[in-house]
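Working notes, structure below.
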Amino acid sequence: MNIIGISALYHDAACCLLQDGQLVAAAQEERFTKKKADPSMPVHAFRYCLAEGGISIRDINFLAYYEDPVKKLARQLWCGHDYRDKELFLKIDPKRPEREIRELLGYEGPILMYDHHLSHAASSYYFSGFNDAAILTVDGVGEWATTTYGSAAGQQIDLFEQVEFPDSLGLLYAAITSYLGFKVNDGEYKVMGLAPYGRPLYTGKIRRLVQSGANGQYHLDMKYFDFINGNRMYAWEMVELLEVEPRRAETGILQCHKDIARSLQVVLEELLVDKAKWLYETTGSAHLCMAGGVALNCVANGRILNATRFEKMYVQPASNDAGCALGAAALAYMDTGSPKSSLSKMEHAYYGPGYTNCEIRNVLEATSLAFDDHTASRKDLITRTALALTEGKVIGWFQGRMEFGPRSLGARSILADPRHPDMRDKINAMVKKREAFRPFAPSVLEHKACEHFDIDHASPFMLETCQVISEIDLPSITHVDNSARIQTVNRTSNPLFFDLLTEFDRLTGCPIILNTSFNVRGQPIVNTPADAIICFLKSGIDSLVMGDFIIEKENNSIETLEFILANYMDFRQADIARDVYTFL
Amino acid sequence: MTNNMQYRPAEENKKLAANVAGRLYEHASAGDDIFSCHGQLKFFRQGKSVMPAGKTVQAAEDHVGIWKETSLHGKTSFIRDEKFADDFVYWARAHEIKPKANAFRVVLLGESAARGFLVDPFYNPSMALEKILGCAGLNAEVVDLARTNCSIGQLIALVKGCVRMEPDALVVFAGNNWTINGKNLITPLEIRHIINTIVGGNSEDVIRNVIEEKLSASMQELFRELAAVKERYAIPVVIVNPEFNCMDWKSNETDRLPSWTTNDIERWYALLSKATGSIQTGDFPAAEALCNEMIGMHPFNPAGYELLAKCRYIQGDKDGAAAYLRSAHDTSVYQAAHCPGVTSFIQNWIRREVRDQGFCLVDLPVVFHEHLEGDIAGRTLFLDYCHLTVEGINLAMYHAARALMSSMSVGEWSVDVRDTIQLGPDDISCAAAHFLAAIHNAHWGQGQDIVAYHCRRSLSYFDISNEMMQYVYMTTSSQCPWRLNRHFESLVSEGIFMQYLLLSQPEEGLDTFDLTLVDGILTALRDKQVDVGGEVNTMRVAQSGEDGEGVDLLQSCHWVDGSYNPLLRLKMGAYYKEFNRWSKFYLLYAGSAETRVELVHRVPYNSEVQETLELEINGTPFYSAPTGPGWSRIEFEVPSHLLRYGVNNLIIRWPLRNIKSKYHEPVEYADLELYYKYMFPLIGEIHSLTIKPANRK
């Protein structure tokens, strides 16, 4: 049985394929189109999933879509969007998803629609490996729900409470993100990273923006927000409250901005812990499953686990809307009467396209780049890469199948020595070309993680933070509050990356490598070998390790290539307004 | 907590909103009762709002184009502004336009033809004009403000701004970009009007009317500005009326698609075949009758006019042929996207306005006609659709100089046009220009004949073209993107192509083997006793041929040839869409194994009869299969005796008899996407097309 899951037409479009309950392929459309957070119907990701699954359009049994367009339209109409405007109606037409699925994907079979937050919930629970769990989903907004609370046992998911728009923790966070001069649906992660630099001096004021209610409820004081009509996130009243000028993008970050970020994080964590405690009391389950864009706030996730009686937590690696494609597909699979046991726990996130050595070689040989071929000895590849890391080199690492979700987990990664004191500044400035305060995350051998981090379980998806307790000085991955957002790596999920970490450990006594996403600022993570080469050439990466091949920048004269690439616009913007949350 | 009522919509409206949403889902178009609910659902937030952050307004007054006005020691010069660095490639390579000195200052304005596109920066109309004026005894300097891709709006701004450079005369060479089609500036209301007029069966030439009305408004504004400059500064204004490459620029496959209706498509293609056959057998009366019938059925289509032109030309009626070729080109107004090129409407409009305003006219259609002694302007004067060869540039500027001198009444004109022949760049630059023309022609879907011609011309100037051509065919034989390819890197390192770095590459996402371009190169090289066809085939097969894993023929490199066609993107997506009567794919065969094809296909309409599609390899039919409105999967072997090593043409011929487009009803709202759907009915669809060795499943 072949089930396709689709999320689209909002932001972070994605497609996945379940074959007899097994997740076979999943990818985000942005990686193919080079438009960050591309919301378009994922025609390329769809073609990829069919090819990876070895099936044709005729072999799809069901297509599951991740939200109910009629309910969503109701919310949009309630906000006052003028549905008489023909141009606007093309966007919000509740028949648009089905129409585009038929016309753009060419799919002829049955389409099943599932609620947005149910899709989030399913994306987490059904891939958690748990037989029962409490479920917490938190995001900007789906149809009406912004937060849902549920319980699951066996095949059944029951969402028994929800918070409705406009009361939304995701939109609260987005509003402050916008206030601090970052792009919404993109900059929230930066605000989270900025928070440890600040002091909680604005918590009192932030608490006036949102107040906890009974059970799972909370309410935003809409006096301070202006996002209902979709033109802006915050109102003048918020400026009056905070008494800090809203920061303009690309300008200096002041201490007050850091303090606001910190205060927001404090309040968010307070609320989430409070609601998670209620959820535990209500469900009694030892397991917590989380999803939704706010679940990418790994700092809050760590707090929830520490501050509640939940024993285990599972956060869907693609917690944003891309992951809803998985959830919708899983729900469709369950609706066929299949047993939950046939849905496997998601042990890794490597479900995107991969490239053979032959394909990589074909591209490399077509370029003028000198490269070394290690197909005869993978061991040499590993040793050489680990050595390069110890020499302070920044490595572009392109191996195996691409990750699904926003994090790079050792398939499309930029790697570096975490012990190097200047590495963070070097990568921020020269490679990623991004804000200097942004921290980097470590990957660590799973069996040695507890020696260096205050964690007692595997954390393969970089979705929780913990304190650094290592005796090794790790300035490049230790955030200002001594925390790190770690990825634990075992041999089963990523043997090559595991080998690299092992070798690095052997050479240095440090089983940890700095791991950041293989992309430059504003652009999606690389997908193809050509993408990787272009990013390598346009950034300060020293070496590119792609398949069994190594390309060293110092061995190549790349001025002409740099000139050609500088004169070629190959990254495009999706039509998403980044000053305000997309409600249409 | 504040009373939120004025800050959020009324809770009780949720039920109404849900009700309206449900009804909008159920009904295709909402009635008045649903619309009236909007009054209750309207929401305006009370309270204060944050003012949007002010945007810096670019002070346009201190710039002319990319040059910023700078005063030093009381003198005004214009310096190229680094803020517009991305734009530099479209303009003259002049860092500074110095303060006016003693020379007679002519400002040249215009588009890419005025830029000398493909010959520039080594030679261009401003250089030619300056030299010719010098030959005429005038101490002249020409300030070159021509811009490639200059729109009429930008031209108007330049007219207004250039007076700050204190010109003694203006020469304006523009009109090729004065088009409004498809993606340029048709509003949703206009699109709706066009669609509803056509589907309503109204005989009004609505597309032409809408577009020409819009164009007229812009052209009137331009000529008003020119008249104001002429009057205020008492300077002569010379207008160079552009010409189009009528003889050697042909419509491409997309231009020739029958559009807007699915009626009698099969008959129209049958007429096309018969007319072509009649011309070949010399039965011109029959051919002309068939062509006129084609035009009657599809007046928006150039094919009938082009065949009529051929009939006339073969019979020696060059003026008649030229008229038909202009009519063919004039159908570009109906195309959703088209290369630049002045139409008869614009040429006639310019003539009228120049006469009324008292400007000087250099009427290139007349100039070229006389120069060629009645023949039709083609490849000797044009590098592509509208850009001129060195000879064309010299001829145009000769007449511009003459018109200018005549307007100033400075005495007898003594320069002979034949004296201009020696003006021009060196041989390397000429070689580069023609080779770039070959690439540009190929990328715009022109035929192998003209591509090979320009390759031969390139080689005739300079043998280094051999090396440039090698770089190109080696680049195209690889699936590596051009911008990473080492052969393209070598080509760029030569330095000659720097100006055209972007333009010489296929469009992003439309990887191509560039078969027509490479065939043109190979043909030209064979004339020089250099036969690398085998080498090219080997490279292609090695890079992209069937290697045991199966090849997806829906990758663009297997069906795209001329890639500068925005409509190609309509074909692409999760599956392949065809608007033509056939689909052609390039199948690379290594010669070693039996080959199986898997095809998943459908036609986008319900037919009362069983439809069949036909498959051919290299012109030989070998398979047919039923097709219908649902996806069907077929798998079959390709007879190896029909295959040759290297590139093979796999053609799928779609049934034409009973096509029905679902886009035939009037609309309430239309955007460009819908416009294309009405304009180009879908003929067939392919969801997968894969080639595998016969022994693999």
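Bear in mind these aren't lab numbers, they're just calculated from the coordinates by the rules spelled out. Owing to the predicted nature of the structure, the values given are computational and were not obtained by experimental measurement. FYI the Cβ positions are ideal-geometry reconstructions off the backbone, even for glycines, and counts take in every protein chain you see.
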Problem set entry | Dipole magnitude (debye, nearest 20) for the protein assembly as shown, charges at Cβ of Lys, Arg, Asp, Glu | 1680 debye
For this session: Mind checking which lysines have their Cα closer than 28 Å to the Cα of A:Lys433? Skip sequence neighbours fewer than 8 apart in that chain.
Result: A:Lys34, A:Lys35, A:Lys36, A:Lys183, A:Lys190, A:Lys258, A:Lys393, A:Lys538, A:Lys553, B:Lys55, B:Lys83
Problem set entry | chain B - convex hull of alpha carbons, volume per residue in Å³ | 231 Å³
Exercise. About its Cα centre, how strong a charge dipole does chain B have in debye, to the nearest 20, once Lys and Arg get +1 and Asp and Glu get -1 at the Cβ?
Worked result: 1500 debye
Problem set entry | Per-residue average of Cβ from other chains inside 10 Å of B:18-26 | 6
Exercise. How many Å³ per residue does the convex hull of the Cα positions in the protein assembly as shown occupy?
Worked result: 193 Å³
Exercise. What ranking, highest mean first, results for peptides A:511-519, A:421-429 when packing means the other Cβ atoms within 10 Å averaged over each residue?
Worked result: A:511-519, A:421-429
Exercise. Rounded to the nearest 0.05, what FRET efficiency do B:Glu253 and B:Gln555 have when you use their Cβ-Cβ distance and R0 = 25 Å?
Worked result: 0.80
Problem set entry | Share of alpha-carbon pairs per 5 Å distance bin for region A:101-169, given as whole % | 4, 17, 23, 17, 14, 12, 10, 3
Exercise. What share of Cα pairs, in percent, lie more than 44 angstrom apart in chain A?
Worked result: 13 percent
For this session: Could you quote the convex hull projected area for region B:530-664, Cα atoms only and averaged over all directions, in nm²?
Result: 9.9 nm²
Exercise. For B:Ser203 and B:Lys14, what does the FRET efficiency come to when R0 = 41 Å and r is the distance between their Cβ atoms, rounded to the nearest 0.05?
Worked result: 0.20
Exercise. Expressed in nm to one decimal, what extension gain is obtained for the pair B:Arg351 and B:Trp413 from 0.36 nm per residue of sequence separation less their Cα-Cα distance?
Worked result: 20.0 nm
Problem set entry | For q = 0.21, 0.24, 0.26 Å⁻¹, Debye-computed log10 I/I(0) when each Cα of region B:552-620 counts as one equal scatterer | -1.15, -1.37, -1.48
For this session: Scan region B:74-109 for trypsin sites (Lys or Arg not before Pro) in coil per DSSP, keeping those whose Cβ has at most 13 other Cβ atoms within 10 Å, and list them by number.
Result: B:Arg93
Problem set entry | Where a label projected 7 Å from the Cα of A:Asp186 along Cα→Cβ would reach, residues of region A:238-268 with amide N under 12 Å | A:250
Seminar exercise, completed: Distance in nm between A:Asp473 and A:Met430 label points, each 7 Å along Cα→Cβ, equals 2.0 nm
Exercise. Taking N as the number of residues in region B:237-293, what is its Cα Rg relative to 2.2 N^0.38 Å?
Worked result: 1.58
Problem set entry | Percent RCO, i.e. relative contact order, over chain A, from Cα pairs under 8 Å lying at least 6 residues apart | 17 percent
Problem set entry | Relative contact order (%) - chain B, alpha-carbon pairs under 8 angstrom, separation at least six | 12 percent
For this session: Pairs of Cα atoms under 8 Å, at least six residues apart: use those to get the relative contact order of region A:153-258, whole percent.
Result: 31 percent
Exercise. In nm, to one decimal, how far is the A:Asn357 label point from the A:His457 one, both placed 7 Å along Cα→Cβ?
Worked result: 3.9 nm
Problem set entry | Selection of GluC sites (Glu not before Pro), region B:307-393, meeting DSSP coil and at most 13 other Cβ within 10 Å | B:Glu373
For this session: For B:Gln6 paired with A:Glu240, estimate the spin-label separation in nm (one decimal), with each label point 7 Å from Cα along the Cα-to-Cβ line.
Result: 1.0 nm
Exercise. What's the FRET efficiency of A:Asn567 with B:Lys528 using the Cβ-Cβ distance as r and R₀ = 35 Å, to the nearest 0.05?
Worked result: 0.65
Exercise. Can you give the percent of C-alpha pairs in region A:1-117 whose distance is more than 18 Å?
Worked result: 51 percent
Seminar exercise, completed: Among B:Asn658, B:Gly374, A:Val184, the residue whose Cα sits farthest towards the positive end of the charge dipole of the protein assembly as shown, when +1 is placed on the Cβ of each Lys and Arg and -1 on the Cβ of each Asp and Glu, is A:Val184
Problem set entry | Helical contribution to [θ] at 222 nm, DSSP H n ≥ 4, -39,500 (n - 2.57), averaged over chain B, rounded to 500 | -12000 deg cm²/dmol
Exercise. Of the listed peptides B:646-659, B:422-435, what is their order by residue-averaged count of other C-beta atoms within 10 Å, with the highest listed first?
Worked result: B:422-435, B:646-659
Exercise. When Cβ neighbours within 10 Å are restricted to other protein chains, what is their mean count per residue of peptide B:570-581?
Worked result: 3
Exercise. Which of the listed residues, B:Ser583, B:Cys557, B:Val536, is farthest toward the dipole's positive end in region B:535-605, when Lys, Arg count +1 and Asp, Glu count -1 at the beta-carbon?
Worked result: B:Ser583
Exercise. Any idea what % of Cα-Cα pairs in region B:81-182 are farther than 24 Å?
Worked result: 20 percent
For this session: Treating cross-link reach as a plain straight distance, find the lysines whose alpha-carbon is under 30 Å from the alpha-carbon of B:Lys528, omitting any fewer than eight places away in the same chain.
Result: B:Lys250
For this session: Sort out for me the Cα centre separation of region B:356-403 from region A:501-516, rounded to whole Å.
Result: 71 Å
Exercise. How would you rank B:203-215, B:393-405, B:243-255, highest first, on the average number of other Cβ atoms within 10 Å across their residues?
Worked result: B:393-405, B:243-255, B:203-215
For this session: Send over the per residue convex hull volume for region A:395-540, Cα only, as a whole number of Å³.
Result: 102 Å³
For this session: In Å and from the alpha-carbon atoms only, list the Rg and Dmax of region B:585-686.
Result: 17.0, 57
Exercise. For A:87-96, what's the mean count of beta carbons from other chains sitting within 10 Å of each residue's beta carbon?
Worked result: 3
Exercise. What aspartates and glutamates could a cross-link reach from A:Lys86, if we take a straight Cα to Cα line under 12 Å and drop same-chain neighbours fewer than 8 places away?
Worked result: B:Glu668, B:Asp671
